[in-house]
Amino acid sequence: MTDVEYPGAPRVAVGAVVMRDGRVLVVERGKAPAEGVWALPGGSVELGETLGQAAEREVLEETGVVVRAGDVIYTFDAVVRDDDGRVRFHYVILDLACEYVQGEANAGGDARSARFVTPQEFRELRSSRATVDLLRRTTTFFGNDQAREQLDSQPGRK
């Protein structure tokens, strides 16, 4: 298996967009490379697993929520370099639309916290530019452009 830190090749990972009653499921990451950042649940695809199986497993492990994975709706690269310019982490992330089936959000796996949040609650969380872009481009979560501009202007947003 490829090392997560200082890998010899990029790792394939999935994220899950899970909506329920106008809220999106997010987790607070508990370890590097995004420790303390709120993001969509997800993680590395295991050998022999389909993208859908990986998304369903990761959501269940990190949140206790059961979902049914759908199509890939967004992709991006997450490359983190160390102070010497070496690649410390490199993920190719494919985000899937997932249908909520059952369960309440409770942190598990490498998630520090997990919950369904409204757009207003999301604005108060530390999140990545990739998560914001994904939600803006693939969902109606933020609603109108004014709300999006507010989010973009929030200090400390990465």
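The values are calculated or read from the model by the stated rules, or taken from the named source; none is laboratory data. From a predicted model like this one, the values you see are computed outputs, not experimental measurements. Reconstructed Cβ throughout: ideal geometry from the backbone, glycine too, with neighbour counts over all protein chains shown. Each accessible area value is taken on the protein alone, full model and side chains, heavy atoms only, with ligands, DNA and RNA left out. Shrake-Rupley method; radii C 1.70, N 1.55, O 1.52, S 1.80 Å.
Once every DSSP H run of n ≥ 4 in the chain is given -39500 (n - 2.57) and the sum is divided by its residues, what mean residue ellipticity at 222 nm do you get, rounded to the nearest 500 deg cm²/dmol? It would help to have the intermediate numbers written out before the result.
On the way: 4 runs with 36 residues, N = 158.
Computed ellipticity for the chain at 222 nm equals -6500 deg cm²/dmol.
How much of the accessible area of the chain, probe 1.4 Å, is carbon plus sulfur, in whole percent? Display every interim value, and only then the final one.
Numbers: 3880 of 8410 Å².
With neighbouring chains kept in place, the figure for the chain is 46 percent.
Using a probe radius of 1.4 Å on heavy atoms only, what accessible surface per residue do you get for region 1-108? Whole Å² is fine. Could you put the intermediate results ahead of the total?
Working: 5560 Å² over 108 residues.
I get 51 Å² per residue for region 1-108.
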Cα gyration tensor shape for region 1-68, rounded if a/c is under 1.5, else prolate or oblate: oblate
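Name the GluC sites (Glu not before Pro) in region 1-89 that are in a loop by DSSP and that have at most 11 other C-beta atoms within 10 Å, would you? Let's see the in-between values first.
Details: sites: Glu5, Glu28, Glu35, Glu46, Glu49, Glu56, Glu58, Glu61, Glu62; in loops: Glu5, Glu35, Glu46, Glu49.
In loop regions of region 1-89 (DSSP not H, G, I, E or B), the sparsely surrounded GluC sites (Glu not before Pro) are Glu5, Glu35.
What full-extension length gain, to one decimal in nm, is calculated for Glu124 and Leu47 as 0.36 nm per residue of separation minus the Cα-Cα distance? Don't skip to the end; give the middle numbers.
Values: separation 77, 0.36 × 77 = 27.72 nm, distance 3.64 nm.
Here the answer is 24.1 nm.
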Point-charge dipole on Cβ atoms (K/R +1, D/E -1) for the chain, about Cα centre, debye to 20: 360
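Going through the DSSP H helices of the chain, which span 27 Å or more along their own axis at the Cα atoms while scoring at least 1.6 as a mean Kyte-Doolittle hydropathy? List each step's numbers first, then the result.
Values: long enough: none.
Helix filter hits for the chain: none.
How much of the DSSP bridge set in the chain is antiparallel, in percent, rounded to the nearest 5?
Details: 26 of 36 bridges.
Antiparallel bridges: around 70 percent, rounded to the nearest 5.
Averaging over every viewing direction, what projected area does the convex hull of the Cα atoms of the chain cover, in nm²?
Over all viewing directions, the chain projects a mean Cα-hull area of 9.2 nm².
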Nonlocal amide H pairs with Val12, under 5 Å, H built at 1.01 Å: Val45, Val92
